[in-house]
1. Within the range 27-47, can you find the residues that are out of contact with any His (no Cβ under 8 Å at 6 or more places or on another chain), surrounded by fewer than 18 Cβ atoms within 10 Å (Cβ to Cβ) and in contact (Cβ under 8 Å) with a residue 40 or more places away in the chain?
2. So, of the residues in the range 55-83 that are of a type in the set (A, V, I, L, M) and in contact with a Gly (Cβ under 9 Å, 6 or more places away or on another chain), which turns out to be modelled with the lowest pLDDT?
3. Residue check: is GLY116 open to solvent by less than 80 Å² (accessible area, probe 1.4 Å), touching a Cys at 6+ places or on another chain (Cβ under 9 Å) and either in a loop (DSSP other than H, G, I, E, B) or not aromatic (Phe, Trp, Tyr) (or both)?
4. Which count do you get for residues in the range 48-85 that are open to solvent by less than 70 Å² (accessible area, probe 1.4 Å), out of contact with any helix residue (DSSP H, G or I) (no Cβ under 7 Å at 6 or more places or on another chain) and either farther than 27 Å from HIS137 by Cβ or part of a strand (DSSP E or B) (or both)?
5. CYS320 - would you say it is in contact with a strand residue (DSSP E or B) (Cβ under 7 Å, 6 or more places away or on another chain), surrounded by 16 or more Cβ atoms within 10 Å (Cβ to Cβ) and at pLDDT below 85?
6. Hey, does the range 346-360 have a residue that's touching a strand residue (DSSP E or B) at 6+ places or on another chain (Cβ under 7 Å), of a type outside the set (Asp, Glu), under 19 Å from THR295 (Cβ atoms) and surrounded by fewer than 24 Cβ atoms within 10 Å (Cβ to Cβ)?
7. Name the pairs: first residue in the range 51-69 and touching a residue at least 60 places away in the same chain (Cβ under 8 Å) and farther than 12 Å from ASP106 by Cβ, second residue open to solvent by 30 Å² or more (accessible area, probe 1.4 Å) and hydrophobic (A, V, I, L, M, F, W, C), Cβ to Cβ under 9 Å, at least 6 apart or on different chains?
8. Taking the conditions exactly as written (farther than 29 Å from ILE331 by Cβ and open to solvent by 20 Å² or more (accessible area, probe 1.4 Å)), does ALA250 satisfy them or not?
Amino acid sequence: MKCRALQLCIVAVLPLLVLSQRRGSPKTAPGVDSGDEECSGVYRGDVGSILSPGWPQVYPNNQFCVYHVSVTPGRTVTVTINSVDLQERRRRKGKRKKKQRGRCPDGLSLYKGGPGSVKKGETCGRSSVNPFTSSSHEVVLVFRSDGSVQGNGFNITYTSSGCGNPAIPRLQWVLPGSRVVGGTVAEPGSWPWQVSLRANDDVTWHFCGGSIISEEWVVTAAHCVDGNYKPLVVVGEHSREDEGDDPERAVVATAMTIAHPDFYWWTMVNDVALLKLASPLTFSDRVSPLCLADTSMVTSPTTFCTVTGWGTMAEGGDCCPNELQQADVPIVADDHCQQTYQQLFRQSFGLVPRARPEKHICAGYTEGGVDSCQGDSGGPLTCQAPDGTYYQAGVVSYGEGCGQENIPGVYTQVSYVYEWIRQTIEEN
């Protein structure tokens, strides 16, 4: 193209210059705003995944994606590259060995902290990369591709330190088809984030569960603390009636109860609340926090997760078992759960809430028999990330009966309320 006016030529060429500069590998981490809008973003949560554009198909040409990972402040973040397939490094000709390494035409760069932090390194081709642990709660990853050869991209997971790693392994996995609501007895200490909520005037009366997420904060269901009730919180417990069997058991008062402001009984949307403890916990083998998932951590159908609690072991049964129970349940496809509860909503004339896929997550067997039940409300639906870290995908919320055929349990989706959880803790 020939330009006849100098001003027009400058305008036409300038975007190409900017594009060329942006495609390089900057020495310091750029901000998300400098990346392509369709693939860049901030990833919040203690567990998450980052996939290249189009994964697992080939990624597009001319991409510049900036991924800013920010886990809970005070923790560190570990990045694991599970799979990488990018254009191979271009070899440079010459006698100097340092130059023979060449550059990455399509590259994935890692920076040691947030925007402005220094570069850790860059990879391309199909090279295996060791997991990287930052010294802060932030890292930035940048992916760039040129206009030529493409690959299948990358699959990355990140996890936060200090959560979701029990010192005591679980006793066993519950076999599919178990006919006991609540599953089997858990190994003492294998779910160290599990708490029991008790009445202020009767410490023996268990009525809901919850999960530890930090030294001062517990997550539970909003319907458990209606009216901002401040329950007693029992941590480090396995046997409710045999206190001597749990040496690290402690009863802590609640200083502040904050229910989600948009929780509604008739929809059971945003059924989540935070309890700020009157005194901070001391973490140990039997008392430690659970990680929280953000929107990037997809818990796909048929994935097995675990619900724990001291809820009733049969629909209509007496509350509550002495020992902590565990039950493994498969995640149910959103459309199936939505259709099931839409039908129940109509049949009950609106008494059974609808399930909303973007706000709820459902789990249970088609044949029924394994489920959360009364007394489990507020407890965690715990899943396992590829690196073995446990994270909370759901908060036990509601269901039609317990363990009924073709009716899964409904849980508040933690990724949907994660930003509210994080912001609330930061402000209080």
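1. Within the range 27-47, LYS27, THR28 qualify.
2. Here the residue is VAL71.
3. For GLY116, the condition - open to solvent by less than 80 Å² (accessible area, probe 1.4 Å), touching a Cys at 6+ places or on another chain (Cβ under 9 Å) and either in a loop (DSSP other than H, G, I, E, B) or not aromatic (Phe, Trp, Tyr) (or both) - is not met.
4. 19
5. yes
6. yes
7. Note: pairs meeting the criteria are VAL66/VAL32; TYR67/VAL32; TYR67/VAL42; HIS68/VAL32; HIS68/VAL42; VAL69/VAL42.
8. Spelling it out, ALA250 is indeed farther than 29 Å from ILE331 by Cβ and open to solvent by 20 Å² or more (accessible area, probe 1.4 Å).
The values are calculated or read from the model by the stated rules, or taken from the named source; none is laboratory data. As the structure is a prediction and not an experimental result, all values here were calculated from the model. Ideal geometry is used to build each Cβ from the backbone, glycine not excepted, and the neighbour counts take in all protein chains shown. Surface areas here come from the heavy atoms of the whole protein model, side chains and all, with no ligands, DNA or RNA. Shrake-Rupley method; radii C 1.70, N 1.55, O 1.52, S 1.80 Å.
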